[in-house]
Amino acid sequence: MNFADLGLSDELLRAVTESGYSEPTPIQASAIPSVLMMRDLIGIAQTGTGKTASFVLPMIDILSQGRTRALMPRSLILEPTRELAAQVAENFVKYGKYNKLSMALLIGGVQMGDQIKALEKGVDVLIATPGRLMDLFERGKILLTGCELLVIDEADRMLDMGFIPDIETICSKLPKTRQTLLFSATMPPPIKKLADKFLSNPKTIEVARPATTNVNITQRVVQLRADKKRETLRTLLKGEDVRTAIIFCNRKTTVRELNKSLRASGFASSEIHGDMDQPARLAELDRFKRGDVNILVASDVAARGLDIKGVSHVFNFDAPWHPDDYVHRIGRTGRAGAKGAAFTFVTAEDAENIANIEKLTGQKIERYTLPDRDPEAEAAPERPRREREPRREREPRREKPRGDAPTFEAKVEAEPEVATIAEPSPRRDAPRDTRRDDAFEPRRERGGRRDRRRDQDDDRDDGGWNGPIPAFLDVTLGR
């Protein structure tokens, strides 16, 4: 089967051919005819199967007839992230270059001015993230009553990001007679409930079992300690045939620190994460696509839907917390029939996460051992300090005279009056108000902190000997 058999227009077929595609993927072959027949659709397909084109291509043909009206888009595509929305917009530009369709991209992180101007002129295709769309709708800058076609893409990702209430609000603003397409890699109960509520007699297309991974991806688990991650990553980046790689981390701080470490080690790397504004993120993605850098360190903001050609490796520097994220992360490689490799670093604390991933995907992931490494020792957590072997006891510390102070014997020879040390101290036995030497002023009249400290020291040191009693002193204890 080729694209000409799917009922697409000549202008669209020309654009597809010029893009280098001749045969549709299974999801495209199943979905495109149903969309052209104006049926509601549920598409369940793993990432990297070409599902974006399965709704972009028929939408271009459907929208080629008709005209736009100000503030009232004719179709709406909802994407969970800015990157996915921008990628879908690129697909419309690529495949719709021979069709006179207008398009607007509504995403956060950029100014609203140009977006509002585009809406005022009227657009055929509106591609938006839920947050920015709701913002403009509440400002009265957009009307959804003229929308005839709705696409909810990456629905399970929408669920993870907490967008389901916004999706329900948006759907309630659209005409009830619209056509609705819902695409998702998995079909958890909340997504099934959403589909039952807003889709009318949909056709369900499932080209792969939910949460299965691409057979073109070689998956490996590397067991190690947390303090060995960076060293192991550098070894794999040098030893494997890594052309381009995406490295995923669970935290934004880890992304920044790891990218800094890789650059210091001589690797051409870059980073994207949620703390970066949209222009900066798109600029770094463009650098990666152009080949200015061949390693991209990313948080899960880049895990879903990014179609970057030629990614040979994916490294999960941190094991993903959610099993579904694993499927979407490694789906950045092995796309469009190419081969890919995915390495996941696993510490002892990640055992449960990996077990959940293997349960979801229904397959055992190969354990990989680096040369000259003991996997059991690498995976063993570092023992807490209290469990370590006690250190060898130190010898008692010997008291040393400070500076050039004379020893006790020298003091005895130089000051024979020390022999009277056992006699009662006049200051100790004196009344409290006469205990101090007449040479000192009363404490209440001096008042300085340094003088008070010296006075306290004088009170502690009354000239008595606190060490062993010399044998030559006539002192009898206990009497």
### Query
Does Ala155 satisfy the condition of being within 28 Å of Ser64 (Cα to Cα) and touching a Pro at 6+ places or on another chain (Cβ under 9 Å)?
yes
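Only one of these is under 13 Å from Glu79 (Cα atoms) and open to solvent by 50 Å² or more (accessible area, probe 1.4 Å): Leu105, Leu143. Name it. If you could, list the steps in order and put the result at the bottom.
Details: Leu143 fails: under 13 Å from Glu79 (Cα atoms).
Criteria check complete, one pass: Leu105.
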### Selected residue [surrounded by 14 or more Cβ atoms within 10 Å (Cβ to Cβ), within 18 Å of Ile127 (Cα to Cα) and modelled with pLDDT under 90] from Leu57, Leu71, Leu63
Leu71
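Rundown of residues vs (1) in contact with a Lys or Arg (Cβ under 8 Å, 6 or more places away or on another chain); (2) farther than 21 Å from Cys171 by Cβ; (3) assigned to a helix (DSSP H, G or I), yes/no style:
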| position | (1), (2), (3) |
| --- | --- |
| Val16 | no, yes, yes |
| Tyr21 | no, yes, no |
| Ala29 | no, yes, yes |
| Arg39 | yes, no, no |
| Val56 | no, no, yes |
| Met59 | no, no, yes |
| Glu83 | yes, yes, yes |
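Does region 249-256 contain any residue that is in contact with a Pro (Cβ under 9 Å, 6 or more places away or on another chain) and under 21 Å from Arg157 (Cβ atoms)? First the steps, then the outcome.
Our first condition is that a residue be in contact with a Pro (Cβ under 9 Å, 6 or more places away or on another chain); within region 249-256, this holds for 250.
Filter once more, so that each one left must be under 21 Å from Arg157 (Cβ atoms): 250.
Scanning region 249-256, I find at least one residue that is in contact with a Pro (Cβ under 9 Å, 6 or more places away or on another chain) and under 21 Å from Arg157 (Cβ atoms), so the answer is yes.
Could you tell me which of the residues Leu63, Leu105 is aliphatic (A, V, I, L, M) and touching a helix residue (DSSP H, G or I) at 6+ places or on another chain (Cβ under 8 Å)?
Values: Leu63 fails: touching a helix residue (DSSP H, G or I) at 6+ places or on another chain (Cβ under 8 Å).
Of Leu63, Leu105, the one residue that is aliphatic (A, V, I, L, M) and touching a helix residue (DSSP H, G or I) at 6+ places or on another chain (Cβ under 8 Å) is Leu105.
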### Query
Would a scan of region 202-216 turn up a residue that is closer than 26 Å to Met59 by Cα, open to solvent by 70 Å² or more (accessible area, probe 1.4 Å), in contact with a strand residue (DSSP E or B) (Cβ under 8 Å, 6 or more places away or on another chain) and at pLDDT below 90?
yes
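Looking at region 229-249, which of its residues are touching a strand residue (DSSP E or B) at 6+ places or on another chain (Cβ under 9 Å) and surrounded by 15 or more Cβ atoms within 10 Å (Cβ to Cβ)? Can you show your working first?
Quick first cut of region 229-249, residues touching a strand residue (DSSP E or B) at 6+ places or on another chain (Cβ under 9 Å) only: 229, 232-233, 236-237, 240-249.
Across region 229-249, the qualifying residues are Lys229, Thr232, Leu233, Leu236, Leu237, Val242, Thr244, Ala245, Ile246, Ile247, Phe248, Cys249.
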## Note on the structure
Among strands (runs of 3 or more DSSP E) completely within region 273-349, the ones holding 2 or more residues that are more than 22 Å from Ala86 (Cβ to Cβ) are 313-316, 340-346
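Among the residues of region 319-334, write down those that are touching a helix residue (DSSP H, G or I) at 6+ places or on another chain (Cβ under 9 Å), of a type in the set (A, V, I, L, M) and buried (at least 24 other Cβ atoms within 10 Å of the Cβ). I'd like the intermediate steps shown before the answer.
Taking region 319-334 and keeping what is touching a helix residue (DSSP H, G or I) at 6+ places or on another chain (Cβ under 9 Å), we get 319-329, 332.
Next, from what is left, pick out any that are of a type in the set (A, V, I, L, M): 319, 327.
The one that is touching a helix residue (DSSP H, G or I) at 6+ places or on another chain (Cβ under 9 Å), of a type in the set (A, V, I, L, M) and buried (at least 24 other Cβ atoms within 10 Å of the Cβ): Val327.
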## Note on the structure
Subset of region 27-43, residues open to solvent by 90 Å² or more (accessible area, probe 1.4 Å) and at negative phi, comes to Met37
### Task
Out of Ile127, Ile170, Ile191, report the one residue that is over 30 Å from Ala15 (Cβ atoms), open to solvent by less than 10 Å² (accessible area, probe 1.4 Å) and not in a loop (DSSP other than H, G, I, E, B).
Ile191
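The values are calculated or read from the model by the stated rules, or taken from the named source; none is laboratory data. No experiment lies behind these values; they were computed from the predicted model shown. All Cβ positions, even for glycine, are placed from backbone atoms using ideal geometry, and neighbour counts span all protein chains on display. With ligands, DNA and RNA removed, areas are computed over all heavy atoms of the protein, side chains included. Shrake-Rupley method; radii C 1.70, N 1.55, O 1.52, S 1.80 Å.
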